[in-house]
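Only one structure is covered here, and it is reproduced in the block below.
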Amino acid sequence: MSYKFGFVTIVGKPNAGKSTLMNQIIGQKISITSHRPQTTRHRILGIHTDDEKQVVFVDTPGIHAVTKRSNRKTINRVINKTAISSIDGVDAVCMMISATGWTEGDQLVLTALKEVSAPVILVINKIDKVKSINDVLPLIAESSQLADFADIVPICALGRMQGGNIERLMDVITQHLPEAEPGFNEDQITDRSFRFLVSELVREQLFRRLGDELPYATAVEVTQFDMLDDKAQINADIWVEKDSHKAMVIGKKGDALKAIGTSARLNCETLLERKVFLELFVKVRSGWSDNARDLYSLGYDEGV
Ligand SMILES: Nc1nc2c(ncn2[C@@H]2O[C@H](COP(=O)(O)OP(=O)(O)OP(=O)(O)O)[C@@H](O)[C@H]2O)c(=O)[nH]1
Ligand SMILES: [Mg+2]
């Protein structure tokens, strides 16, 4: 059989498990995840290569309704645009929903997919949340009435259940890939630089550790990145919108910032496979999320 190579975009409402699935398939954390919606802000490629195929997954920010209020923020418009523009010209689309059932948010994603010519595979995620696979059968039946999906595959992206059915999903995806030579080097797993991935690993901890709305008002910029043979020295700025946010990110006696720094550093060490010295600085930059130039400098380079 000849080699297959193609692009597959993963879309879905915020929190569906898109980034978790991509990391599970690639076997490394290249896209950050958290229990909060709208964790992913950028399009990130994850490249899976084996003897038969190379599949380039495109992880996208969750597509969400833009209300009058949120539409005022440039970042919200950019995030939806990033997700929708990532569907163009790919070989297949994986649309993720949760095994707990269809929601208004999922319907919105389905509407965004209406004009798509590529086959859409419906991925029903989080099947560990239902008692038995039989409980997913009505949802499969309901879903097949809603749209003409190329296939419907229930999975557990966390890999908590044996197999989690991800192998089957890969088989289904492979059926839709064209025969072609690989487009990327076999050891390349993403299109993003280490510098970018490190800034994301810091942002992941902000999303996991800070309460309420605060994570959404933060961004991370790596200001120094020195990779030596046996260690890396990395400095990063955490941008916040106001002084009160700065105090919260730092925490009592610096506790919060310390915990954020320790977890991010450990993840950086796994990624870079060397000892990491990570210094974090919290800076107030009011209005960054609404300023096109600031967004551009943070890598939100899609159609600002
Ligand atoms: N129980 C369970 N939880 C899951 C599964 N897959 C993902 N999750 C959890 O769902 C939450 C959201 O996962 P993400 O991968 O960040 O979701 P996402 O779709 O990338 O979200 P956005 O980037 O915000 O659009 C995290 O807390 C994951 O641990 C699964 O199969 N089972
Ligand atoms: Mg994500």
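The values are calculated or read from the model by the stated rules, or taken from the named source; none is laboratory data. Just so it is clear, the structure is predicted and the values come from calculations on it, not from any experiment. Quick reminder, even Gly has a Cβ in these numbers, built from the backbone with ideal geometry, and neighbours come from all protein chains shown.
In the stretch 160-190, how many residues are in a loop (DSSP other than H, G, I, E, B) and either within 16 Å of ligand 2 (Cβ to nearest atom) or buried (at least 17 other Cβ atoms within 10 Å of the Cβ) (or both)? So that I can check it myself, show each step before the final result.
Step one: list which residues in the stretch 160-190 are in a loop (DSSP other than H, G, I, E, B), which gives 160-165, 176-178, 180-190.
Narrowing the set further to residues that are either within 16 Å of ligand 2 (Cβ to nearest atom) or buried (at least 17 other Cβ atoms within 10 Å of the Cβ) (or both) leaves 164-165, 176-177, 189-190.
Summing the residues that are in a loop (DSSP other than H, G, I, E, B) and either within 16 Å of ligand 2 (Cβ to nearest atom) or buried (at least 17 other Cβ atoms within 10 Å of the Cβ) (or both) in the stretch 160-190 gives 6.
Take the residues in the stretch 60-85 that are at pLDDT 80 or above and outside any helix (DSSP H, G or I); name whichever of them is farthest from ligand 2 (Cβ to nearest atom).
The extreme case among them is Ala65.
Are any of the residues in the stretch 194-206 more than 19 Å from the chain's Cα centre (by Cα) and outside any loop (DSSP other than H, G, I, E, B)?
Looking through the stretch 194-206, none of the residues is more than 19 Å from the chain's Cα centre (by Cα) and outside any loop (DSSP other than H, G, I, E, B).
Filter the stretch 12-59 for residues that are near ligand 1 (Cβ under 9 Å from one of its atoms) and either not assigned by TED's automatic domain parsing to the domain that holds Glu167 or not in a loop (DSSP other than H, G, I, E, B) (or both) and give the result.
Going residue by residue through the stretch 12-59, those that are near ligand 1 (Cβ under 9 Å from one of its atoms) are 12-24, 31-41, 59.
Those that are near ligand 1 (Cβ under 9 Å from one of its atoms) and either not assigned by TED's automatic domain parsing to the domain that holds Glu167 or not in a loop (DSSP other than H, G, I, E, B) (or both): Gly12, Lys18, Ser19, Thr20, Leu21, Met22, Asn23, Gln24, Asp59.
Against the condition surrounded by fewer than 20 Cβ atoms within 10 Å (Cβ to Cβ) and in a helix (DSSP H, G or I), how does Gly254 come out, does it pass?
Judged against the criteria, Gly254 is a match.
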